[in-house]
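Asks: Please find one structure pasted underneath; my questions will follow.
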Amino acid sequence: MNVRRSAAVLAATAVIGAATPAVAASPSPTPSVAVPSGLYGTTDPTYDGVWRQSLALLAQDTVGVKPAEKAVDWLTGQQCANGSFAAFRADPATACDAKLMVDTNSTAAAVQALAALGGHGAAADKAVGWLKSVQNADGGWGYTPGGASDTNSTAVVVGALAAAGEKPAEVVKGGKSPYDALVRLALPCADGGAFAYQPDKQGTLTANADATAAGVLGALGEGLAAGAGKKADATACAAPATPRQAAANGAAYLAKAVAKDGYLTSVLPGAENQPDYGNTADAVVALAAQGGAEQAAKPLAWLQRNAAAWAKQSGPAAWAQLVLAAHATGADPRAFGGTDLVAALNATGPAPQATGSAEKGAADEAGEADEAGQDPEDGFGVWWTVGVFLVAGVGIGFLISGRRKQQP
């Protein structure tokens with residue numbers, strides 16, 4: 001699962017007032033709104049349209065794919081006049097109003113994609129201006145404006161700031177930067193050195209693998225399409241006095257978590273022993289960014305052996321996460337455990353202007369789920385998000401080639 005995307009769920013649950021974790025039972029795969037032709041994926045985009053589009057465009061950029069103009073136009077058309085983005089606007093011609101729930105995660109992901117593609121500086125700068133305007137006094141961000149800061153939202157905004165050419169350490173509110181917020185959300189070594197999503201009502205921090213993958217990238221000043229960093233020790237843990245040490249501690253936590261089986265497990269009730277493919281992909285990016293590709297070798301190999309079926313079922317965001325994992329480690333996304341991830345991703349949306357390789361075989365492979373009567377984004381994809389939309393208090397939500405990388 002993807003921590004930042006799912007953070008959308010957290011804020012939404014606050015709005016609908018859910019009190020206990022509950023997953024929607026067997027949601028219909030039929031979209032409740034029409035899916036625009038420029039949008040990647042075929043399932044209801046209500047809760048993740050901007051997120052999955054941004055990830056798809058960002059992943060394509062890392063492999064030199066030039067997306068269709070209408071795919072980019074769809075994303076830019078989702079932006080509100082004040083610079084923010086909501087998860088999805090069915091009618092972009094209608095002005096955004098106070099009833100529309102805009103959010104930091106969709107906005108920050110869109111910034112990273114638009115900055116990577118180039119030619120959209122004005123839109124990206126306007127979005128960054130909005131993000132700055134809703135920064136919390138502790139230096140971080142929550143999913144919705146004014147919401148309590150969480151690791152996932154803060155990290156994805158850091159990535160957006162860096163992508164837009166900002167220095168995250170200099171974006172302050174109340175004398176605090178995003179890095180201050182992230183260090184505050186890092187657990188001590190005695191508790192594993194992970195990141196928490198956010199403190200509970202008693203102020204206690206609880207380790208969260210989703211948040212940790214996001215927090216490592218945020219503390220490094222990296223975005224969703226981070227590349228491999230310098231080789232570093234993945235086992236050392238020390239007091240997180242600096243953002244870089246907090247990132248190292250978080251990476252050590254992730255390395256330990258994947259050491260046995262190569263994957264992270266699900267946080268969904270009743271599925272604790274099930275692999276979490278999306279979060280494992282996020283962990284690969286985080287591990288590689290902090291300590292080099294070798295540090296992520298075991299979970300990468302596990303994804304190469306096992307993740308294709310999950311991505312076929314889950315759709316464009318899943319394919320994009322795998323492309324980003326390959327990018328971070330230097331693996332070939334066009335030959336990823338026998339699957340052409342790039343072709344499969346491209347097949348979920350409008351045909352790109354340029355691809356750089358033949359894709360028919362992988363595109364056909366990606367469509368097998370449809371031919372078998374399965375929705376390509378059912379299961380752990382969009383409908384997982386719809387189900388978790390009903391969950392309260394669960395922190396989940398996460399993610400540029402050609403951008404300026406800022407370090408803390």
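Asks: Checking a compactness column here: for the stretch 118-231, what do you get for Rg(Cα) / (2.2 N^0.38 Å), N being the number of residues?
Replies: Against the compact-globule rule of thumb, the ratio is 1.05.
Asks: Next question, about the same structure. Rounded to the nearest whole Å², what accessible area per residue is found for the stretch 119-247 with the 1.4 Å probe?
Replies: On the way: 4810 Å² over 129 residues.
Accessible area per residue, the stretch 119-247: 37 Å².
Asks: In Å, the Kirkwood hydrodynamic radius of the stretch 65-105 over pairs of distinct alpha carbons?
Replies: Details: mean 1/r = 0.0907 Å⁻¹.
The answer is 11.0 Å.
Asks: Packing-wise, with mean Cβ within 10 Å as the measure, how do 220-229, 76-85 rank, highest first? Let's see the in-between values first.
Replies: Working: 220-229: 25.9, 76-85: 19.5.
Top to bottom by mean Cβ count within 10 Å: 220-229, 76-85.
Asks: Rounded, prolate or oblate, given the Cα gyration tensor of the stretch 270-340, with a/c below 1.5 counting as rounded? Numbers along the way, then the final one.
Replies: Details: a/c = 1.76, a/b = 1.18, b/c = 1.49.
Oblate, because a/c is 1.5 or more while a/b does not exceed b/c.
Asks: How would you rank 40-50, 175-185, highest first, on the average number of other Cβ atoms within 10 Å across their residues?
Replies: Working: 40-50: 25.5, 175-185: 23.0.
Descending packing order for the listed peptides: 40-50, 175-185.
Asks: While we're looking at this one, here's another question. Over the stretch 24-136, how many percent of alpha carbon pairs lie in each 5 Å bin up to the one with the longest distance?
Replies: Distribution as computed: 2, 12, 23, 24, 19, 11, 6, 2, 0 percent.
Asks: Rg and Dmax of the stretch 202-269, using alpha carbons, in Å: what are they?
Replies: Cα only, the stretch 202-269: 12.6, 38 Å (Rg, Dmax).
Asks: Next question. Determine the distance separating the Cα centre of the stretch 157-184 from the Cα centre of the stretch 59-99; give it in Å without decimals.
Replies: Measuring centre to centre over Cα atoms gives 24 Å.
Asks: Ok, one more. Can you tally the net charge around residue 136? Count Lys and Arg as +1, Asp and Glu as -1, for every other residue whose Cβ sits under 9 Å from the Cβ of residue 136. Before the final figure, lay out the partial values.
Replies: On the way: positive: 173, 176; negative: 138.
Taking every Cβ under 9 Å from that of residue 136, the sum is +1.
The values are calculated or read from the model by the stated rules, or taken from the named source; none is laboratory data. Because the structure is predicted, anything quoted here is derived from the model rather than measured. Positions of Cβ are generated from backbone atoms using ideal geometry, with glycine treated the same way; all protein chains shown enter the neighbour counts. Protein only, heavy atoms only, side chains kept; ligands, DNA and RNA dropped before computing areas. Shrake-Rupley method; radii C 1.70, N 1.55, O 1.52, S 1.80 Å.
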